[in-house]
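Worksheet: the structure to be examined is printed underneath.
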Amino acid sequence: MPDRNKPCGDRVELQNSYVKLPDRFYQKICPEKFSDPKLVLFNHDLADELGLNLSDASEIAQLCSGQRLLPGSQPIAQAYAGSQFGHFSPQLGDGRAHLLGELKGLDLQLKGSGRTRFSRRGDGRSPLGPAIREFLVSEAMHALGVPTTRSLSVVTTGETVYRQDGPTPGAILARVAESHLRVGTFQYFASQGDLEALEILTNYTIKRHYPGIRSTQISDCCLELLRLFAERQGDLVARWYALGFIHGVMNTDNCSMAGITIDYGPCAFLDEFHQMKVFSSIDKFGRYAYGNQMAIVEWNIHRLADCLLPLIADDPQRAVSMAEQVLEEPLASFHNRLYLGFARKLGLKSLPEEGHTLVIDFLRYLQAHSLDFTLSFSHLRSLYEGDTHFYPVTSELHSFLSRWKALDPDLYQMDSINPRLIPRNHQIEKVITHANQGDYQPFEQMWEALKSPFEVSEEYGYLMDAPKMSERVYQTFCGT
Ligand code: AMP
Ligand code: MG
């Protein structure tokens, strides 16, 4: 165990590789001053991984709200653009976030830490609720094996922030990520015709996230980057589907170049299964519905390709056909990745033709009976053993059972990949309601439980249950 009584400053020194890029990539700016930062929750395990030796709550609150900076830190707000619900915004950027620097090659960023040049009309703040939601869901995703940003801490600022639903405590989330590079970062420079910046950004992205790319020609680098990026995104989104996760706002500015889940806003996990489920209050037309996510990610990949075309070839037509060619294979594999994810949940090792139809029929059955997605998979072992109490007994179920058993499913595999616990919306809402009144115990308990989603101890059994009708959450909000 590291000695937490030692001051962190004598060991830790933040690096700032992004600050070495040209000025137009960011704004140098410190987090704002806040009247009374107080620690809500600190992820000691993650801090230990980063080599941060911190134990004193008030010191943590000072550091994790940006009131004191760690040695070496040069805070910046990063510039980026983004296609939001399909419409291009040329200048978004960190309007309420500060990148403090890097520790062990990972970005340390504060969110909710004040205004920047990119704030537009925003107040630069975050309410406590969304900070808690991001903390819980991102840490749950990590425990579930999904590439994601991590959450280091939640600190209240002592301020009140005002949103549609009234005044709430202000808070700052400290998060850790492979990087905060987005497809939107490329769009920012591409839309300005700044090819020099695009090349710098491409090389930086490759060095940080795709070091296996060795080409010396920028054109080859871009093509290889596109291919590998598409593969990572395909893998990521297949994992989302397999867990019933809906990101909710998969705009290009929320699409990570490192292939991790980033920017947890109105995200949610499915309770009852519905292919086109939408929770986000701002997703009026279901663009980011559960079952649309693969297509949307493909759309985002094409937006990255658009940005890289001028670096791929001088002749636009030629550049397009080269990009299309390199994307053909990864995009064609999306469908299979998705079905393989479900086949594995059914205990199959591969995806035989029969497995494909089995997956479709099982999901149809879940939807027809509004069955809880997570429980429908975690109860499969007992179904296999003859216990049908969870499942409506219909001819579809009989047909599924006989075909499924004929494929000889691996029950251990099922238990190891079908979680028993996910961060359910109604439980997150309860945690937030308590936290807004100063009671953080439910937050701590839920976080503790989410660390072991496959083996849930009895005391946390209540977190596994599907919501009762009266507890159901129908909409989630981004809290901006
Ligand atoms: P998000 O919904 O957090 O992904 O944010 C989308 C864009 O809006 C980003 O450029 C954010 O920095 C900006 N933004 C969101 N909320 C605020 C806020 N309260 N103040 C300033 N900028 C914000
Ligand atoms: Mg965002």
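Just a few scattered comments:
- Residue count, the range 149-178 (criterion: touching a His at 6+ places or on another chain (Cβ under 7 Å) and either buried (at least 24 other Cβ atoms within 10 Å of the Cβ) or under 21 Å from Ala79 (Cα atoms) (or both)): 1
- Residue within the range 99-107 that is within 23 Å of Leu198 (Cα to Cα), in the same structural domain as Leu21 (by TED's automatic domain parsing), over 19 Å from the mean Cα position of the chain (by Cα) and within 16 Å of ligand 2 (Cβ to nearest atom) present: no
- Residue ID - farthest from Ala295 (Cα to Cα), chosen from residues in the range 247-264 that are more than 10 Å from ligand 1 (Cβ to nearest atom), of a type in the set (A, V, I, L, M, F, W, C) and over 10 Å from the mean Cα position of the chain (by Cα): Ala258
- From Gly259, Gly265, Gly248, Gly212, residue being touching a Lys or Arg at 6+ places or on another chain (Cβ under 8 Å) and either closer than 22 Å to Arg150 by Cβ or in a loop (DSSP other than H, G, I, E, B) (or both): Gly259
- Residue in the range 320-334 that is modelled with pLDDT of 95 or more, under 24 Å from Asn425 (Cβ atoms) and of a type outside the set (Lys, Arg) present: no
- Within the range 247-278, the set of residues being away from ligand 2 (no atom under 16 Å from the Cβ) and either without any contact (Cβ under 8 Å) to a residue 24 or more places away in the chain or among the aliphatic types (A, V, I, L, M) (or both) comprises Ala268, Leu270, Met276, Val278.
- Note on the range 77-98: among residues that are in contact with a strand residue (DSSP E or B) (Cβ under 7 Å, 6 or more places away or on another chain) and not in a loop (DSSP other than H, G, I, E, B), the one that is surrounded by the most Cβ atoms within 10 Å (Cβ to Cβ) is His98.
- Boolean, Gly124 is within 16 Å of ligand 1 (Cβ to nearest atom) and of a type in the set (Gly, Ala, Ser): yes
- Condition met for Gly234 (free of Cβ contacts under 8 Å to residues at least 60 places away in the same chain, away from ligand 2 (no atom under 16 Å from the Cβ) and not assigned by TED's automatic domain parsing to the domain that holds Arg150): no
The values are calculated or read from the model by the stated rules, or taken from the named source; none is laboratory data. Note that the coordinates shown come from a computational prediction; the quantities given were computed from them, not determined experimentally. Note that we place each Cβ from the backbone using ideal geometry, even for glycine, and neighbour counts take in every protein chain shown.
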